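The values are calculated or read from the model by the stated rules, or taken from the named source; none is laboratory data. Remember, predicted model here, so these are calculated numbers, not experimental data. Every residue, glycine as well, gets a Cβ built from its backbone with ideal geometry; the counts of neighbours run over all protein chains shown.
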Amino acid sequence: MSRLVYFIVCGLWALVALGVAAYLFARPAPYGRHHRPGFGPSVSARVAWLIMEAPSPLCMLLFFLTGNRVTNLVAQVFLGLWLLHYGYRAFVYPWLLPASSRPMPILVVTSGAFFNFINAYLNGGWLFHLGPVLSSHWLVSSGFVAGATMFVAGMLVHVLADRELRRVRRAASGQRGVPRGALFSLVSCPNYAGEIFEWLGFSLATWSPGGGVFVLWTMANLLPRAFHHHRWYRDKFLDYPHRRRAVIPLLF
């Protein structure tokens, strides 16, 4: 694995993220509540999420197993954090989706799967092949402790927000309603806020180029989607709480 190729891909992928963010602010990705025709055939939401997210944990595991630090404790912890999130996102979350969830265009699914492959390359390639081999002292450093704490807290927010969204849909017989309680009192999309916080934490805990680019991509995807979700809520529910922001309390 070449460091030169790695850094070229890293830089180009960061530039692509900026273009994607600009596009998604103008036009939301066409799935879920923002589904619209014209994007080709679709597959069920549950199958779509599985296909889209599974490359991330599987490729990350492959990079780990083919690297030179399988017995390194820090590398094992980094892999564990990654699999904690993507074990949920790829293999648990899809089967928790309501049966009424709209199908997802195959174009979106393949784009998401491709993103997850590149993302796993940038993170797994650095952490398990190209980056420095870290001693166990890294796990008690202030950067790792703060980052790992942020990661776990962000994932907890993310998972609990997903649960509230499912509760609202069950109560409304599969339809979307206004979620309430916890961080929903401040923002429309605490699930996205939690995920952004997660990957900020991962970037800090690993202090890696791939982690930094992943944060950029997370925000490029989720800030625009939170913006469109927030506008959708306000358009659909006339009594929607005006003090809520989209994803960042008091700001955005």
(message) If Thr110 satisfies all but one of (1) buried (at least 17 other Cβ atoms within 10 Å of the Cβ); (2) at pLDDT 95 or above; (3) among the hydroxyl-bearing types (Ser, Thr, Tyr), what's the number of the condition it fails?
(response) (1)
(request) May I ask you to verify whether Ala182 is in contact with a Leu (Cβ under 9 Å, 6 or more places away or on another chain) and at positive phi? (result) yes
(message) Being among the aliphatic types (A, V, I, L, M), touching a Pro at 6+ places or on another chain (Cβ under 6 Å) and free of Cβ contacts under 8 Å to residues at least 40 places away in the same chain is true for just one of Leu83, Leu65. Which residue is that?
(response) Leu83
(request) Hey, could you check region 28-45 for residues that are within 19 Å of the chain's Cα centre (by Cα) and either closer than 19 Å to Ala220 by Cβ or of a type in the set (Lys, Arg) (or both) and say which is surrounded by the fewest Cβ atoms within 10 Å (Cβ to Cβ)? (result) Arg33
(request) Kindly provide the set of residues from region 125-137 that are in contact (Cβ under 8 Å) with a residue 12 or more places away in the chain, assigned to a helix (DSSP H, G or I) and farther than 21 Å from Phe214 by Cα, ordered by number. (result) Ser136
(request) Report, ordered by the first and then the second residue, all pairs with beta carbons closer than 7 Å, sequence separation of six or more or different chains, a first member in region 30-51 that is closer than 20 Å to Leu97 by Cα, and a second member that is of a type in the set (S, T, N, Q) and assigned to a loop (DSSP other than H, G, I, E, B). (result) Ala45/Ser101
(request) Confirm whether Ala75 is under 24 Å from Thr206 (Cβ atoms) and either free of Cβ contacts under 8 Å to residues at least 60 places away in the same chain or within 17 Å of the chain's Cα centre (by Cα) (or both). (result) yes
